[in-house]
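K.L.:
My questions all concern the structure below.
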Amino acid sequence: MRGCLRVLRAGPGATVQDSGRFGFLRYGVTPAGPMDWTAFRTANFALGNDDRAAAIEVTTGGLEVVCEGAPLWVTFAGGAFVGQRSGMVLPKAARIRLEPGETLMARAGEFGAFTYLAVAGGFDTLVVMGSRSTHLRSGMGGIEGRMLKANDVLPTVVPVEEQSGASFEAMIDAPWLDRDPDPFRVVLGPQDDYFTPETLREFFAGVFTLTPMGDRMAYRLKGPDIAHARGYDIVSDGVALGAIQIPGDKQPLVLMADRQPTGGYPKLGHVARADIGRLAQMRPGEACCFREVSVAEARAALLACEDEIATTVQRLRPLRLALTSERLFEANLIGGVVDPLANEQNEGEF
Amino acid sequence: MLSKPRYLPAGESALVVEFGATIAPRIHDCVLALDAALQHANFEGVTETVPTYRSLMIHFDPRRLAAETLITALAKLEDTLKPARTPPQRWHIPACYDSPHDEDIAEVAAFLGLPRAQIIDLHQGARYRVYMYGFAPGYIFLGGLPPELTIPRRAVPRSPAPPGSLLIAGGQALIASCAMPTGWYGIGRTPVKVFDPRRAKIFLAGIGDEICFERIDGEAFDALSLAAEAGELCARGERLDEL
């Protein structure tokens, strides 16, 4: 029997996302996919899914679901959201087995803009042009191409007896999802020659604040003016994830998951993919700055980041133990008495 | 011979191969030649390519391919490219310029100082090249609009033009795939769905294809709209590269 999740309450912006709709960029089709690919991948990997399984992207608006039909192994990861199972508080990233009738609630916590609710095997919504990702602007994918709302039912691909990826409830220890104030790494180009070297220096020295105008398509930043040396109208060319466009108002626009595949403003550079997840997790009003790196450095950072996420399963901590130790620390009862790492030998994962 | 392209990074996972900075058939030919050669070569690690007016964006998986390796391979490929080409296919697309499908034609006539009939003749009589897709899924950007129909974009976008709208602005023409607010002017409409995810042929035209419009009246428009809704193409394709 296959379990499903029924939405009890969905804050604005909750959508179904898989790794994205690729293969049609040349026809103007937006890839969509998760805003924070690192958290999305972590949530999927913790269940033994590959990174193409569809999950729910939850915004700071929060989400509450109930399990129906059969038990389900689920995870959530990304930002520091507060998760609760039928009222019981869970760690900020966890893997649990939901029994029919049990609810799972996620709401915005200390930091972060998105968390991912994944299920063993992935959600089984309609595949449109090779992907389940929701693109709201074109009304494609997910459930009827729209945001989730109360009473939506999300079926799963795999029945519980085949959900072999998970065998115990766990805290997901993913330090790569922690808050990190480091500047975002940027590779210059392709239109960095539309700016003077001095303007580029000002860009890298500047502090930018995320405005509330941003959405899944682009994040608008506010900071020092980035003046064009020779106009801002270019003949449209291709656009990649993380492109930093400088339109006529001289304020950077970073193109995110719902970017169009082509665009007509000069692109000063691209945020390194290794830092895209961190950028996506910013909330309006938060500040950031940028640091220039080479293509080779950005590539090395991405590969290191992917390698780290690939260790998700090895880093799982049995849930009860992790909670106990956390509570001991919280109660200021001395560290080191209970070592959450002591029970490293996980019971035959995979 | 190709003009020497510029290789420009777009992050660690994409590369732009730029052949020029303007809209010109000669430059677009180079873009398409490289695109075809790349697809033929089937490079390990290249995931997707996006041809535009003046450049080819190559998306790749940095784990399987480093940018410098790709550039070296492209430089070798460059010498073998033959940009002289005939468009692979010519599409005959029905177009209705009758009311209510000619929404903005009076505005265009007033701005350009041309009679309405001449605007229709000019638009309908031209041969267009599909330069690229953009803006929204299936939006086709065309080159080849007669220069007499050059009109600047609106300062303020108009309310959404319906799917199939034939739009002009900035010396370019396009076919809209879905209703979106636009700064362009709608002078006619085709019943053809240039983009339909339910159809086996999701997108009508390939990049580099030729397009011409065949005038139909309002009655034919309604009949063809029904057929298009039922999944028919309603446009005639003619292969040119096999002649």
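The values are calculated or read from the model by the stated rules, or taken from the named source; none is laboratory data. None of these values were measured; they are calculated from a predicted model. Quick reminder, even Gly has a Cβ in these numbers, built from the backbone with ideal geometry, and neighbours come from all protein chains shown.
K.L.:
Looking only at segment A:206-231, which residues are within 14 Å of chain B (Cβ to nearest Cβ) and within 25 Å of A:PRO31 (Cβ to Cβ)?
P.N.:
The answer is A:MET217, and nothing else.
K.L.:
Hey, among the residues in segment B:33-50 that are surrounded by fewer than 22 Cβ atoms within 10 Å (Cβ to Cβ) and assigned to a helix (DSSP H, G or I), which one's nearest to the other protein chains (Cβ to nearest Cβ)?
P.N.:
It comes out as B:ASP35.
K.L.:
Just to be sure before I move on: is A:HIS270 modelled with pLDDT under 95 and either of a type outside the set (Asp, Glu) or in contact with a Lys or Arg (Cβ under 9 Å, 6 or more places away or on another chain) (or both) in the structure I sent? Reasoning before the result, please.
P.N.:
Working: modelled with pLDDT under 95: no; either of a type outside the set (Asp, Glu) or in contact with a Lys or Arg (Cβ under 9 Å, 6 or more places away or on another chain) (or both): yes.
In short, no.
K.L.:
Tell me which of these B:LEU81 doesn't satisfy, since it passes every other one: (1) part of a loop (DSSP other than H, G, I, E, B); (2) within 26 Å of B:ALA205 (Cβ to Cβ); (3) facing another protein chain (nearest Cβ under 10 Å); (4) not small (Gly, Ala, Ser).
P.N.:
(3)
K.L.:
Grab the strands (runs of 3 or more DSSP E) fully contained in segment A:244-316, keeping just those with 1 or more residues being within 11 Å of chain B (Cβ to nearest Cβ) and of a type outside the set (Val, Ile, Thr).
P.N.:
A:253-255, A:267-271
K.L.:
Checking B:LEU145 against (1) under 15 Å from the mean Cα position of the chain (by Cα); (2) within 14 Å of chain A (Cβ to nearest Cβ), only one condition comes out false. Which one?
P.N.:
(2)
K.L.:
Of the conditions (1) surrounded by fewer than 19 Cβ atoms within 10 Å (Cβ to Cβ); (2) more than 18 Å from B:ILE207 (Cβ to Cβ), B:GLY144 fails just one. Which one is it?
P.N.:
Tallying (1) surrounded by fewer than 19 Cβ atoms within 10 Å (Cβ to Cβ); (2) more than 18 Å from B:ILE207 (Cβ to Cβ), B:GLY144 fails exactly one: (2).
K.L.:
Only one of these is closer than 17 Å to A:MET35 by Cα and in a loop (DSSP other than H, G, I, E, B): A:ALA113, A:ALA150. Name it. Before you say what the answer is, go through the steps one by one.
P.N.:
Numbers: A:ALA150 fails: closer than 17 Å to A:MET35 by Cα.
Criteria check complete, one pass: A:ALA113.
K.L.:
In segment B:221-239, which residues are surrounded by 16 or more Cβ atoms within 10 Å (Cβ to Cβ) and within 17 Å of B:PRO162 (Cβ to Cβ)?
P.N.:
Residues of segment B:221-239 that are surrounded by 16 or more Cβ atoms within 10 Å (Cβ to Cβ), as a first pass: B:221, B:224-225, B:228, B:233-235, B:237.
The answer is B:PHE221, B:LEU224, B:SER225, B:ALA228, B:CYS234.
K.L.:
Quick one: how many residues across segment B:51-70 are in contact (Cβ under 8 Å) with a residue 40 or more places away in the chain, more than 7 Å from chain A (Cβ to nearest Cβ) and assigned to a helix (DSSP H, G or I)?
P.N.:
Within segment B:51-70, residues that are in contact (Cβ under 8 Å) with a residue 40 or more places away in the chain, more than 7 Å from chain A (Cβ to nearest Cβ) and assigned to a helix (DSSP H, G or I) number 1.
K.L.:
Another question, if that's okay. Given the conditions (1) within 14 Å of another protein chain (Cβ to nearest Cβ); (2) more than 25 Å from A:MET129 (Cβ to Cβ); (3) not hydroxyl-bearing (Ser, Thr, Tyr), report the number of the one that A:TRP37 does not fulfil.
P.N.:
Failing condition for A:TRP37: (2).
K.L.:
Step by step: first the residues of segment B:51-65, then only those that are of a type in the set (A, V, I, L, M, F, W, C) and closer than 12 Å to B:GLU12 by Cα, then the one that is surrounded by the most Cβ atoms within 10 Å (Cβ to Cβ). Which residue is that?
P.N.:
Looking at the filtered set, the residue picked out is B:ILE58.
K.L.:
I'm checking my understanding of the structure. Among residues of segment B:181-202 that are closer than 17 Å to B:LEU142 by Cβ and within 11 Å of another protein chain (Cβ to nearest Cβ), which one is farthest from the chain's Cα centre (by Cα)?
P.N.:
B:PHE195
K.L.:
Does A:GLU99 count as of a type in the set (Asp, Glu) and in contact (Cβ under 8 Å) with a residue 40 or more places away in the chain?
P.N.:
Values: of a type in the set (Asp, Glu): yes; in contact (Cβ under 8 Å) with a residue 40 or more places away in the chain: no.
So A:GLU99 does not fit the description; no.
K.L.:
Another question, if that's okay. Tell me whether segment A:177-193 contains one or more residues that are touching a residue at least 60 places away in the same chain (Cβ under 8 Å) and under 29 Å from A:CYS67 (Cβ atoms).
P.N.:
Scanning segment A:177-193 turns up at least one residue that is touching a residue at least 60 places away in the same chain (Cβ under 8 Å) and under 29 Å from A:CYS67 (Cβ atoms).
K.L.:
What number of residues within segment B:188-209 satisfy the criterion of being assigned to a strand (DSSP E or B) and either without any contact (Cβ under 8 Å) to a residue 60 or more places away in the chain or closer than 23 Å to B:ASP102 by Cα (or both)?
P.N.:
If we filter segment B:188-209 for residues that are assigned to a strand (DSSP E or B), which is where we start, we get B:188-189, B:195, B:203.
Remaining after also requiring either without any contact (Cβ under 8 Å) to a residue 60 or more places away in the chain or closer than 23 Å to B:ASP102 by Cα (or both): B:188-189, B:195.
The qualifying residues number 3.
K.L.:
Answer yes or no as to whether B:ILE27 is surrounded by 14 or more Cβ atoms within 10 Å (Cβ to Cβ), outside any helix (DSSP H, G or I), hydrophobic (A, V, I, L, M, F, W, C) and within 14 Å of another protein chain (Cβ to nearest Cβ).
P.N.:
So B:ILE27 does not fit the description; no.
K.L.:
I've got another one for you. What's the number of the only condition in (1) closer than 24 Å to A:SER138 by Cα; (2) small (Gly, Ala, Ser); (3) buried (at least 23 other Cβ atoms within 10 Å of the Cβ) that A:ALA272 fails to meet?
P.N.:
(1)
K.L.:
Within segment B:153-175, take every residue that is in contact with a Pro (Cβ under 9 Å, 6 or more places away or on another chain) and either among the polar types (S, T, N, Q) or over 14 Å from B:ALA228 (Cβ atoms) (or both) and give me the one that is modelled with the lowest pLDDT. Talk me through it step by step, then tell me what you get.
P.N.:
The initial filter retains those residues of segment B:153-175 that are in contact with a Pro (Cβ under 9 Å, 6 or more places away or on another chain), namely B:157-161, B:164, B:169-171.
Those still in the list that are either among the polar types (S, T, N, Q) or over 14 Å from B:ALA228 (Cβ atoms) (or both) too: B:157-161, B:169-171.
Numbers: B:PRO157: 80, B:ARG158: 84, B:SER159: 86, B:PRO160: 88, B:ALA161: 89, B:ALA169: 92, B:GLY170: 86, B:GLY171: 87.
For segment B:153-175, the residue satisfying everything is B:PRO157.
K.L.:
Could you list, in sequence order, all residues of segment A:126-180 that are touching a helix residue (DSSP H, G or I) at 6+ places or on another chain (Cβ under 8 Å) and surrounded by 23 or more Cβ atoms within 10 Å (Cβ to Cβ)?
P.N.:
Selection gives A:ALA170, A:MET171, A:ILE172, A:ALA174, A:LEU177.
K.L.:
Same structure again: So which strands (runs of 3 or more DSSP E) are wholly in segment A:1-108 and hold at least 1 residues that are surrounded by fewer than 22 Cβ atoms within 10 Å (Cβ to Cβ) and in the same structural domain as A:GLY165 (by TED's automatic domain parsing)?
P.N.:
A:4-10, A:63-68, A:82-85, A:88-90, A:94-98, A:103-107
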